[in-house]
Amino acid sequence: MAGPRVAIIYQTGEGHTTDIAHRIADRLGEAGCDPVIREVEAAPATLDGFDAVLVGGSVHVGKFGKALGAWTKDHAVALGALPNGFFSVSMTAAVHDEAHLARAGENADAFFAQTGWHPDMVALLGGALLYTRYGWIKRFAMKRIAAHDFPGLTDTHRDYDLTDWDAVDHFAKDVAAHVMAATVATSPAAG
């Protein structure tokens, strides 16, 4: 018998959020869940048939993608009816000081206010400097930002992964426990 079906709906810029979504899915699968990953453009029209849902996205210039915001807003009621969580991927969250983490939290809070959805669980995850995937304007801008926040990570001929993969695994483990507990509590055998 398959475990609880968990939809993972996400939006990415250069593909790093895809890597994070797949890592979360792998960990959920190991914990007995049945993850289904979809980029927001291919997200299901309804959440019927799912036992839980995760929404995730990358932050660019302090904002999440418009498509992710629109999908989340359209599905806010359905999201709230299921065990759910949100993961944010940003360079801001990769700097582990109070000011940067507060700003990463503010970006997520703005998304929640915009969409009317307030998730059960939130992870603020560091992203990556993917210079080799950027156009020249973004590469220049990101190099300037990196020179301030990440001295030494300005070689634009290579990429830098700043994700704390242990934090990703920990979030996935917490999500799996939350989903399993909610699924047991609502199963007919529990009543």
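The values are calculated or read from the model by the stated rules, or taken from the named source; none is laboratory data. All of these numbers come straight from a predicted model, not from anything done at the bench. Don't worry about glycine lacking a Cβ; one is built from the backbone with ideal geometry, like all the others, and counts go over all protein chains shown. Remember, those area values only see protein heavy atoms, side chains included, never the ligands or the DNA or RNA. Shrake-Rupley method; radii C 1.70, N 1.55, O 1.52, S 1.80 Å.
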Distant-in-sequence amide H partners of Gly56 (H built 1.01 Å from N, under 5 Å): Ile9, Tyr10, Gln11, Phe87
Please list, ordered by chain and number, the residues whose modelled amide H lies under 5 Å from the amide H of Ala128; skip anything fewer than 5 residues away on the same chain. Leu162
With every protein chain left in place and a probe of 1.4 Å, what is the accessible surface of Met121, to the nearest 10 Å²? 40
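Given 25 °C and 0.890 mPa s, compute D for the stretch 50-94 with the Stokes-Einstein relation, Rh being the Kirkwood radius over Cα pairs; round to the nearest whole µm²/s. Mind showing how you got there, number by number?
Values: Rh = 11.4 Å.
This corresponds to a translational diffusion coefficient of 216 µm²/s.
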What dipole magnitude, in Debye to the nearest 20, does the chain give about its Cα centre under +1 on Lys/Arg Cβ and -1 on Asp/Glu Cβ? 580
Can you return the aspartates and glutamates within cross-link range of Lys66? Criterion is Cα-Cα under 19 Å, with same-chain partners fewer than 8 residues away left out. Glu14, Glu39, Glu41, Asp74, Glu106, Asp109
Ignoring ligands, DNA and RNA, please state the percent of accessible area on the stretch 133-177 from carbon and sulfur, probe 1.4 Å. 57
Expected field for Asp159, accessible surface area in Å² at 1.4 Å probe radius, rounded to 10, holds 50
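Give me the 1.4 Å probe accessible area per residue for the chain, excluding ligands and nucleic acids, in Å². Please report the intermediate quantities before stating the final value.
Numbers: 9660 Å² over 191 residues.
Roughly 51 Å² per residue, with all protein chains present.
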Pull up all non-local amide H partners of Ile37: gap of 5 or more, or a different chain, and H-to-H distance under 5 Å with H placed in the peptide plane. Ile8
In nm, give the distance between the simple-model label positions of Val61 and Thr154, each being 7 Å from the Cα along the Cα-to-Cβ direction. 2.3
In order through the stretch 157-171: 3J(HN,Hα) via Karplus (6.51 cos²θ - 1.76 cosθ + 1.60), integer Hz, x for Gly, Pro: 8, 9, 10, 10, 8, 10, 6, 8, 5, 5, 5, 4, 4, 5, 4
Calculate one ³J(HN,Hα) per residue across the stretch 79-89 by plugging θ = phi - 60° into the Karplus curve 6.51 cos²θ - 1.76 cosθ + 1.60, and present them in order as whole Hz with x for glycine and proline. 4, x, 7, 10, x, 8, x, 9, 10, 10, 10
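Of all the accessible heavy-atom surface of the stretch 1-94, with the other protein chains kept in place and a 1.4 Å probe, what percent is carbon and sulfur? All intermediate terms of the calculation are to be shown ahead of the outcome.
Values: 2010 of 3900 Å².
Carbon plus sulfur share of accessible area: 51 percent.
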Roughly speaking, what is the stretch gain from Phe112 to Trp165, that is 0.36 nm per residue apart minus the C-alpha to C-alpha distance, in nm to one decimal? 16.6 nm
In whole Hz, with x marking every Gly and Pro, tabulate ³J(HN,Hα) for the stretch 142-155 from phi via Karplus 6.51 cos²θ - 1.76 cosθ + 1.60, θ = phi - 60°. 5, 5, 5, 5, 4, 4, 7, 8, 9, x, x, 10, 10, 6
Full extension between Glu39 and Lys138 adds, at 0.36 nm per residue less the Cα distance, a length in nm of 33.4 nm
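Per residue of the chain, what 222 nm ellipticity follows from adding -39500 (n - 2.57) for every DSSP H run with n ≥ 4, rounded to the nearest 500? Provide the component values of the computation, followed by the final result.
Details: 6 runs with 83 residues, N = 191.
My calculation for the chain gives -14000 deg cm²/dmol from helical runs alone.
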Mean Cα-pair separation over length for the chain, i.e. relative contact order, pairs under 8 Å, 6 or more apart, %: 23
Equivalent-ellipsoid semi-axes of the stretch 40-158, from the Cα gyration tensor, Å, largest first: 30, 16, 11
Kindly work out what percent of the DSSP beta bridges joining two residues of the stretch 3-126 are antiparallel, to the nearest 5. 5
